[in-house]
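Asker: Here it is, the structure in full.
The values are calculated or read from the model by the stated rules, or taken from the named source; none is laboratory data. Here the structure is a predicted model, which is why all the values come from computation and not from measurement. Here the Cβ is made from the backbone with ideal geometry for all residues, glycine too, and neighbour counts use every protein chain on show.
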Amino acid sequence: MPIDQNKIIAHNESIAGKHATGLSRLADTLPNTEAILQKLKAFQVAIPSWALGTGGTRFGRFGGGGEPRSLEEKMEDVALLHQLNRASGAISLHIPWDIPSDAKKIRSLADQYGLRFDAVNSNTFQDQPGQKLSYKFGSLQHVDKQVRRQAIEHNIEVIRHGMALGSQSLTVWLSDGSCFPGQLNFRRAFENTLEGLQQIYAALPSDWKMFVEYKAFEPNFYSMTVGDWGQSLLYANKLGDKAYTLVDLGHHLPNANIQQIVALLLSEDKLGGFHFNDSKYGDDDLTVGSIDPYQLFLIFCELVEGMDAKGMDHASGLGWMIDASHNVKDPLEDLLQSVEAIQLAYAQALLVDTAALKNAQESNDVVAAQEILQGAFRTDLRPLVAEARLQNGGALQPLQLFRSEKIRAQLIGTRGEKTSATGL
Ligand code: PSV
Ligand code: MN
């Protein structure tokens, strides 16, 4: 295993007293800490394989050393995260960046680590070495049928890789669109894309879901063929019951009310899942909760309320994934922060007094509604999240332990200073 379990136990013992004080203070003042704790313990967030190495911008990349060099090492990193927080028990792969050389071996390694494979992601936004036709002018939308065919076949290939690993969902994000007025016939681009998605959908196993991810801009800056939640929903509705919209928090125009989008997609039974991250301007892919934790909390309020209304299981009803990667943090530390931010927002949303909020809404008491939401948001539930980790066998303070054990230095020792297997 990536870290000796005894080290986790020793770490927990060293701060047990302080933790117990914080926890009992919460239990004494809040009504439902035990119920929140049980839900937190069941909640898992998938780690994207491409977030394990340092990201970059188009201006440069500053690799941090000790980054994973192979799929096996990426899994080792996720296993380490999971050992520390017990909330990262799944990995999301991107094909062809993560093609398993031997699916059986990879699957048994995952079993050994207690990991499962979350959504597999296709990639028609880059040309790969040896690829016959170029995606320069799009993939599923392309004017050339041969290019469309190639993109469809790639997606079907991705499904096959996912099946071999026990994955149960495919995420399709298309960079398709146009950079200039007149470049593209919007209607034909939509029709071609729909036809392609239909063929991919037809290849989905019966127990799979297909997530159609939208994005407002980048790499195309005049139009995106799956540019917003409305377009994604249109495709998903036309495709069928196994197709859903995927919400990447960084894929909206500034100031979009993401929580409202989430509420409506959920009520239409078309919300598939998330790519969590945070942003100030666009698709910044920053650490979850680092810029606007209140928005994250409000999103979780809609999720908890909407999922409860539908009787959905919080842990398994939707696809919970992170999609973040950047230049200046240790990627593993960043992911520990991201998972914790998600757990905190979830716990705070569970704390909301839903009956009182409903009352406030029905009586148009705007002030009371704000007090209720902000009361929950301003409650420090970190001891409860730590307790969930403890009860699941993880570390009370994963980040602290990661640093005190000098885990990055150890990884640099075994993997070297300048390594990277991320496709980005
Ligand atoms: C695109 O910006 C995106 O959010 C999609 O999910 C991709 O698969 C991922 O980032 C990696 O490029
Ligand atoms: Mn994404």
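Asker: Can you go through His251, His275 and tell me which one is surrounded by 21 or more Cβ atoms within 10 Å (Cβ to Cβ) and in a strand (DSSP E or B)? Let's see the steps before the verdict.
Answerer: Values: His251 fails: in a strand (DSSP E or B).
It is His275.
Asker: Let me ask something else. Sort out which residues of the range 161-173 are in contact (Cβ under 8 Å) with a residue 60 or more places away in the chain, small (Gly, Ala, Ser) and either in contact with an Asp or Glu (Cβ under 6 Å, 6 or more places away or on another chain) or more than 16 Å from ligand 1 (Cβ to nearest atom) (or both), and write them in order of number.
Answerer: The one that is in contact (Cβ under 8 Å) with a residue 60 or more places away in the chain, small (Gly, Ala, Ser) and either in contact with an Asp or Glu (Cβ under 6 Å, 6 or more places away or on another chain) or more than 16 Å from ligand 1 (Cβ to nearest atom) (or both): Ala164.
Asker: May I ask you to say which residue of Leu396, Leu384 is in a helix (DSSP H, G or I) and either at pLDDT 95 or above or in contact with a helix residue (DSSP H, G or I) (Cβ under 8 Å, 6 or more places away or on another chain) (or both)? Can you show your working first?
Answerer: Numbers: Leu396 fails: in a helix (DSSP H, G or I).
None of the others qualify; the one that does is Leu384.
Asker: Filter the range 175-227 down to the residues that are small (Gly, Ala, Ser) and in a loop (DSSP other than H, G, I, E, B), then identify the one that is farthest from ligand 2 (Cβ to nearest atom).
Answerer: Gly182
Asker: Taking the options Gln370, Gln361, Gln374, name whichever one is part of a helix (DSSP H, G or I), among the polar types (S, T, N, Q), over 28 Å from the mean Cα position of the chain (by Cα) and exposed (fewer than 13 other Cβ atoms within 10 Å of the Cβ). Before the answer, list the steps.
Answerer: Numbers: Gln361 fails: exposed (fewer than 13 other Cβ atoms within 10 Å of the Cβ); Gln374 fails: over 28 Å from the mean Cα position of the chain (by Cα).
Sole residue among the options that is part of a helix (DSSP H, G or I), among the polar types (S, T, N, Q), over 28 Å from the mean Cα position of the chain (by Cα) and exposed (fewer than 13 other Cβ atoms within 10 Å of the Cβ): Gln370.
Asker: Mind checking whether some residue in the range 252-272 is within 13 Å of ligand 1 (Cβ to nearest atom) and among the hydrophobic types (A, V, I, L, M, F, W, C)?
Answerer: Start the filter on the range 252-272 by keeping residues that are within 13 Å of ligand 1 (Cβ to nearest atom), which leaves 252, 272.
Subset that is among the hydrophobic types (A, V, I, L, M, F, W, C): none.
No, there is no match, as no residue in the range 252-272 is within 13 Å of ligand 1 (Cβ to nearest atom) and among the hydrophobic types (A, V, I, L, M, F, W, C).
Asker: Let me ask something additional. Going through Ser122, Ser139, Ser178 one at a time, which residue ends up being free of Cβ contacts under 8 Å to residues at least 60 places away in the same chain, closer than 23 Å to Phe211 by Cα, of a type in the set (Gly, Ala, Ser) and more than 16 Å from ligand 1 (Cβ to nearest atom)?
Answerer: Working: Ser122 fails: more than 16 Å from ligand 1 (Cβ to nearest atom); Ser139 fails: more than 16 Å from ligand 1 (Cβ to nearest atom).
Result of the check over Ser122, Ser139, Ser178: Ser178.
Asker: Of all residues in the range 240-287, how many are touching a Phe, Trp or Tyr at 6+ places or on another chain (Cβ under 8 Å), of a type in the set (Gly, Ala, Ser), within 15 Å of ligand 2 (Cβ to nearest atom) and at pLDDT 95 or above?
Answerer: 2
Asker: Among the residues of the range 336-386, write down those that are free of Cβ contacts under 8 Å to residues at least 24 places away in the same chain and β-branched (Val, Ile, Thr).
Answerer: Val366, Val367, Ile372
Asker: Quick check on this structure: which one of Tyr214, Tyr222 is free of Cβ contacts under 8 Å to residues at least 60 places away in the same chain and surrounded by fewer than 18 Cβ atoms within 10 Å (Cβ to Cβ)?
Answerer: Working: Tyr214 fails: surrounded by fewer than 18 Cβ atoms within 10 Å (Cβ to Cβ).
From the options Tyr214, Tyr222, the qualifying one is Tyr222.
Asker: Looking at this structure, is Asp330 within 26 Å of Ala79 (Cα to Cα), crowded, with 21+ Cβ neighbours inside 10 Å and among the acidic types (Asp, Glu)? Break it down stepwise before answering.
Answerer: Values: within 26 Å of Ala79 (Cα to Cα): yes; crowded, with 21+ Cβ neighbours inside 10 Å: no; among the acidic types (Asp, Glu): yes.
No: the conditions fail for Asp330.
Asker: Is it the case that Gln348 is surrounded by 19 or more Cβ atoms within 10 Å (Cβ to Cβ) and either part of a loop (DSSP other than H, G, I, E, B) or more than 18 Å from the chain's Cα centre (by Cα) (or both)?
Answerer: On the way: surrounded by 19 or more Cβ atoms within 10 Å (Cβ to Cβ): yes; either part of a loop (DSSP other than H, G, I, E, B) or more than 18 Å from the chain's Cα centre (by Cα) (or both): yes.
Considered against the rule, which asks whether it is surrounded by 19 or more Cβ atoms within 10 Å (Cβ to Cβ) and either part of a loop (DSSP other than H, G, I, E, B) or more than 18 Å from the chain's Cα centre (by Cα) (or both), Gln348 comes out as yes.
Asker: Just checking, which of Leu234, Leu197 is surrounded by fewer than 17 Cβ atoms within 10 Å (Cβ to Cβ) and under 21 Å from Phe274 (Cβ atoms)?
Answerer: After ruling out the rest, the residue left standing is Leu234.
Asker: Would you confirm whether any residue within the range 165-172 is touching a Lys or Arg at 6+ places or on another chain (Cβ under 9 Å), polar (S, T, N, Q), surrounded by 12 or more Cβ atoms within 10 Å (Cβ to Cβ) and in a strand (DSSP E or B)? First the steps, then the outcome.
Answerer: As a first pass, look at the range 165-172 and keep what is touching a Lys or Arg at 6+ places or on another chain (Cβ under 9 Å): 165-170.
Add one more test, that the residue is polar (S, T, N, Q), and what stays is 167-169.
With surrounded by 12 or more Cβ atoms within 10 Å (Cβ to Cβ) added as a condition, the list becomes 167-169.
Still in the list and also in a strand (DSSP E or B): 169.
Scanning the range 165-172 turns up at least one residue that is touching a Lys or Arg at 6+ places or on another chain (Cβ under 9 Å), polar (S, T, N, Q), surrounded by 12 or more Cβ atoms within 10 Å (Cβ to Cβ) and in a strand (DSSP E or B).
Asker: Continuing with the same structure: So His251 passes all but one of these: (1) free of Cβ contacts under 8 Å to residues at least 40 places away in the same chain; (2) more than 14 Å from the chain's Cα centre (by Cα). Which condition number does it fail?
Answerer: The one condition His251 does not meet is (2).
Asker: Which of the residues belonging to the range 284-325 are in a loop (DSSP other than H, G, I, E, B) and surrounded by fewer than 18 Cβ atoms within 10 Å (Cβ to Cβ)? Spell out the reasoning first.
Answerer: As a first pass, look at the range 284-325 and keep what is in a loop (DSSP other than H, G, I, E, B): 284-285, 287-292, 310-318, 323-325.
Selection gives Asp284, Ile291, Asp292, Lys310, Gly311, Met312, Asp313, Ala315, Ser316, Gly317.
Asker: Just wondering, is there one or more residues in the range 153-160 that are within 23 Å of Leu265 (Cβ to Cβ), in contact (Cβ under 8 Å) with a residue 40 or more places away in the chain and part of a helix (DSSP H, G or I)? Don't jump to the end; show me each part of the working.
Answerer: If we filter the range 153-160 for residues that are within 23 Å of Leu265 (Cβ to Cβ), which is where we start, we get 155.
Restricting the remaining residues to those that are in contact (Cβ under 8 Å) with a residue 40 or more places away in the chain gives 155.
Narrowing further to those that are part of a helix (DSSP H, G or I): 155.
Checking the range 153-160: at least one residue is within 23 Å of Leu265 (Cβ to Cβ), in contact (Cβ under 8 Å) with a residue 40 or more places away in the chain and part of a helix (DSSP H, G or I).
Asker: Moving on. Can we say Ala110 is assigned to a loop (DSSP other than H, G, I, E, B), away from ligand 1 (no atom under 15 Å from the Cβ), within 21 Å of the chain's Cα centre (by Cα) and within 18 Å of Ala51 (Cβ to Cβ)? Before you say what the answer is, go through the steps one by one.
Answerer: Details: assigned to a loop (DSSP other than H, G, I, E, B): no; away from ligand 1 (no atom under 15 Å from the Cβ): yes; within 21 Å of the chain's Cα centre (by Cα): yes; within 18 Å of Ala51 (Cβ to Cβ): yes.
No.
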